[in-house]
Amino acid sequence: MTGIEQRIASRSRYLTRRFSERSDGERHSAFSGPTFSKLPTAFPMGKSTLRCGDPRVGKPRPLVIRPARALPVAVRRSFADRESMTHEPQTIDKLEPNERPWEELHRLSQEGTPAELAEYVSALSTVDQALALSRLDARERPQLLTLLPADEAAELIRSLTETQAAQTIGMLETATAAAIVHELPSDEQADVLGDLSTAQAEAILQALPQAEAAAARELTSFADDVAGGLMIREVLRFHHEMSVSDVIEQLSERAEQYSDQDVWYGYVCDDQDRLIGVLPMRNLLFVKRSARVANIMIPNPLSVLESTSLDALIEFFDSHAFLGVPVVDADGHLKGVVHREAVDHEATRAVESDYLKSQGIVGGEELRTMPLWLRSRRRLSWLSVNVLLNIGAAGVIAYFQETLQAVIALAVFLPIISDMSGCSGNQAVAVSMRELSLGLIRPNEMLRVWWQEASVGLINGAALGVLVAIVAILFAGNPYLGLVVGVALFANTIIAVSMGGTVPLLLKRCGFDPAVASGPLLTTVTDMCGFLLVLGLATLLLEKLL
């Protein structure tokens, strides 16, 4: 397992734990505590204090305001399917899966009515929607989305990856694109607009309502992996001086606006729009209409800053059984809510991106629907560098060609030594990447990291060297061959872990992405050093090996 793969496995275990622990009946909102601005020191309170809900009602309840659009499309469709089944039961025999849905989509876009097209799209699963749209010709996608109502087109866009969604939106006319973007939740608006060119994004923003465009601009200013870039702005806000009657009246007046939202909690703000409390909707049922919101809210809720990093959010949700947490700015003004599922999604995407980078996919994203030359150029930019680096390792073998011809048994152990050393180095890379992401080490602490890794390398190198030496002696019956390969593996293991521990720090300090560059550099150096050590020692002991 490579170093990056171990980093991926670590985050994957977090995601597996998160999904296995999830139980909507047990999760609740972020209540009672100081502003969560730093990790891990921002949790001075005990767990008993943080397990809050309404103390008069007892059991904590699920989160806040949870827009239905923020749920995965497949989840929302499952509820819709369940509802439709109560009206018109269907048997399995009647459901005939279409293995080539893009063909039917093409036919309906050419011959069918918009109503028939919308009905067919709605009947497709999320996976089939993405498959069908990606298989259509680039000229057909804009035509299809133009025929669909804006809300249906938005649902279709949501089934795609962010890269595909941005590509598809970029093909549309500005008016059509703006109508579809208008139907997306605020966080997804920011994702799509952020992946478009500046000119395309600005044109769409100009066509949106002024307030919505301003909010979208604010969200696109944040990186994808901070709270500001992950939050949604669709939250219930109430002034602390409002009465219960005022709240109920506001909910009734805006019923259509809230119809696609799961309303569990509202957020109470003061005159300056600073977050001061959380209002469980159920509390409205058990108090007089004249009661003030300030008297029935849960004060001092936990919150995160807009700049809170993804790793900090992961740690926050790992420590708290919340479905979401409010997001505030430096002055405490309420900006939105980050849902747990948004953090899970971004963590998954980060894992996928790191894996792709470690495999040489520059940019961390590639789909076969992308332009051919773009895909080729991205891959070649990494492969060509590897060719140049590997020439150095090949040069070492060429230099000791006579030794290798004289003792052909060395060829058996060359790949073993390079591979074992590479594995040891990748373990060190994984630890450095993990500690960098958690903020446990700084890029300028290379000497301390080197000493810690070299200590491990001495122990593991000695164990592996003895093991390989025994195998070499049994294989060739020559103790000097065992000495050569054993010492070479011992020394190369120390070199590998030393490089694996310090290279990510050096790359980070120089402004390069450790996930992309650590692997090729480590592989080249360990191969060159391993070949040099084996063949160099064999040359010195050539008479004993013949």
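The values are calculated or read from the model by the stated rules, or taken from the named source; none is laboratory data. In this text, all values refer to a predicted model and were calculated from it rather than measured experimentally. With ideal geometry, Cβ positions are generated from the backbone for all residues, glycine too; neighbour counts draw on all protein chains shown.
What the table shows:
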| read-out | value |
| --- | --- |
| Single match in A491, A476, A472, A496 (criterion: farther than 26 Å from N390 by Cβ and small (G, A, S)) | A476 |
| Some residue of the stretch 245-263 being under 27 Å from R349 (Cβ atoms), of a type in the set (S, T, Y) and either assigned to a helix (DSSP H, G or I) or over 28 Å from the mean Cα position of the chain (by Cα) (or both) | no |
| Residues (more than 18 Å from V485 (Cβ to Cβ) and surrounded by fewer than 22 Cβ atoms within 10 Å (Cβ to Cβ)) located in the stretch 404-430 | Q427 |
| Only listed residue being in a helix (DSSP H, G or I) and touching a residue at least 12 places away in the same chain (Cβ under 8 Å), chosen from L447, L458, L474 | L458 |
| Breaking point among (1) at pLDDT below 80; (2) within 28 Å of the chain's Cα centre (by Cα), for E155 | (1) |
| Residue check for D137: of a type in the set (D, E) and within 24 Å of Y120 (Cβ to Cβ) | yes |
| Among the residues listed as A118, A132, A123, A166, the single one being crowded, with 20+ Cβ neighbours inside 10 Å and more than 30 Å from S353 (Cβ to Cβ) | A118 |
| Options G501, G465, G486; residue that is crowded, with 23+ Cβ neighbours inside 10 Å and under 26 Å from E315 (Cβ atoms) | G501 |
| The stretch 144-168: number of residues that are closer than 17 Å to L105 by Cβ and of a type in the set (S, T, Y) | 3 |
| Hits in the stretch 147-191 (condition: outside any helix (DSSP H, G or I) and either in the same structural domain as V338 (by TED's automatic domain parsing) or acidic (D, E) (or both)) | E173, E183 |
| Selection status of G519, free of Cβ contacts under 8 Å to residues at least 60 places away in the same chain, assigned by TED's automatic domain parsing to the domain that holds I408, within 41 Å of the chain's Cα centre (by Cα) and crowded, with 22+ Cβ neighbours inside 10 Å | no |
| Pick from the stretch 169-178, criterion among the aliphatic types (A, V, I, L, M) and surrounded by fewer than 21 Cβ atoms within 10 Å (Cβ to Cβ), ranking: nearest to Q110 (Cα to Cα) | M171 |
| Any hit, the stretch 296-319, residues being outside any helix (DSSP H, G or I), of a type outside the set (A, V, I, L, M, F, W, C), out of contact with any helix residue (DSSP H, G or I) (no Cβ under 6 Å at 6 or more places or on another chain) and more than 26 Å from P185 (Cβ to Cβ) | yes |
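Residue-wise test of (1) crowded, with 19+ Cβ neighbours inside 10 Å; (2) closer than 25 Å to R340 by Cβ; (3) without any contact (Cβ under 8 Å) to a residue 12 or more places away in the chain; (4) not acidic (D, E).
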{"residue": "M231", "(1), (2), (3), (4)": "yes, yes, no, yes"}
{"residue": "L236", "(1), (2), (3), (4)": "yes, yes, no, yes"}
{"residue": "V244", "(1), (2), (3), (4)": "yes, no, no, yes"}
{"residue": "Y267", "(1), (2), (3), (4)": "yes, yes, no, yes"}
{"residue": "D273", "(1), (2), (3), (4)": "no, yes, no, no"}
{"residue": "R292", "(1), (2), (3), (4)": "no, no, no, yes"}
{"residue": "N295", "(1), (2), (3), (4)": "no, no, yes, yes"}
{"residue": "L310", "(1), (2), (3), (4)": "yes, yes, no, yes"}
